[in-house]
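**Student:** One structure is given below, represented as structure tokens, and several questions about it will come after.
The values are calculated or read from the model by the stated rules, or taken from the named source; none is laboratory data. The model shown is predicted, which means the values in this text are computed figures rather than measured ones. When we count neighbours, we look across all protein chains shown, and the Cβ atoms used for this are built from the backbone with ideal geometry, even at glycine. Please note that ligands, DNA and RNA were not included when accessible areas were found on the heavy atoms of the full protein model with its side chains. Shrake-Rupley method; radii C 1.70, N 1.55, O 1.52, S 1.80 Å.
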Amino acid sequence: VLIYVGSDDDDNGPQVCSLLDDVNRMIDETCEHIDMSWNSYPYLEKDDPILSDTRWKSLTHLSCQDWFKRGWTVQEAALAQHGQVIWNQTTFSWEKLMRTDLWLVRRASDLHHELNLGIMACHNEAYKQRKKAFARIFSQKLSWSAPSLLRTLNTARALELSDARDRIYAFMELPGSSE
């Protein structure tokens, strides 16, 4: 699935692409040294340079694109076997973006909050359900819950939907939404 998120007038795309590459390389290298069990991914030291990297601002610019505010995009991206994000002249994998967002939410939550990336929460939830084995390294077993339509709808409250019916129908095909 090609995911065109819009124009990039300030040329933030290359910054996001290199940031996603660096964070995903860090994730992969760390995963080589852990047992991949529940909550096994370590936290970074507070002074780790990646936490103060200026490229995070470019990720904020990406998340402000209207594409992320639309409800149907959650289902389109979540059900794709492979998603390729196109942001003006820059391309990167949806997988790298979601892995980075999941890492931010679970291991750099202060930075995630500071960057105001909550608009990606619905995408993050859908990604976790498809990639449970990966997602569990950031989660305690007791905190894991089965997907539900109610939880998805709660997460999707911030999305802008032109038709009120889409508050439900845009998410019906997501894993666990019919349960």
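**Student:** Is it the case that S58 is of a type in the set (S, T, N, Q) and without any contact (Cβ under 8 Å) to a residue 24 or more places away in the chain?
**Tutor:** Considered against the rule, which asks whether it is of a type in the set (S, T, N, Q) and without any contact (Cβ under 8 Å) to a residue 24 or more places away in the chain, S58 comes out as no.
**Student:** For E32, work out the one condition from (1) open to solvent by 10 Å² or more (accessible area, probe 1.4 Å); (2) closer than 25 Å to W144 by Cα; (3) in contact (Cβ under 8 Å) with a residue 60 or more places away in the chain it doesn't fulfil.
**Tutor:** It is condition (3) that E32 fails.
**Student:** Sort out which residues of region 80-89 are at pLDDT 95 or above and open to solvent by less than 20 Å² (accessible area, probe 1.4 Å), and write them in order of number.
**Tutor:** Of everything in region 80-89, those that are at pLDDT 95 or above and open to solvent by less than 20 Å² (accessible area, probe 1.4 Å) turn out to be G83, V85, W87.
**Student:** Quick one: in region 92-117, which of the residues that are open to solvent by less than 70 Å² (accessible area, probe 1.4 Å) and not in a helix (DSSP H, G or I) is farthest from L174 (Cα to Cα)?
**Tutor:** Filtering first and then ranking leaves A108.
**Student:** Based on this model, can you work out whether K57 counts as modelled with pLDDT under 95 and surrounded by fewer than 19 Cβ atoms within 10 Å (Cβ to Cβ)?
**Tutor:** Against the criterion (modelled with pLDDT under 95 and surrounded by fewer than 19 Cβ atoms within 10 Å (Cβ to Cβ)), K57 does not qualify.
**Student:** Within the group L51, L19, which residue is open to solvent by 40 Å² or more (accessible area, probe 1.4 Å), at pLDDT 95 or above and in a helix (DSSP H, G or I)?
**Tutor:** L51
**Student:** On to the next question. If I filter region 152-172 down to residues being of a type in the set (D, E, K, R) and in a helix (DSSP H, G or I), which single residue comes out as least open to solvent (accessible area, probe 1.4 Å)?
**Tutor:** Applying the filter and picking the extreme gives D166.
**Student:** Given (1) assigned to a helix (DSSP H, G or I); (2) surrounded by fewer than 18 Cβ atoms within 10 Å (Cβ to Cβ); (3) not β-branched (V, I, T), identify the lone condition not met by A77.
**Tutor:** Result: A77 fails condition (2) only.
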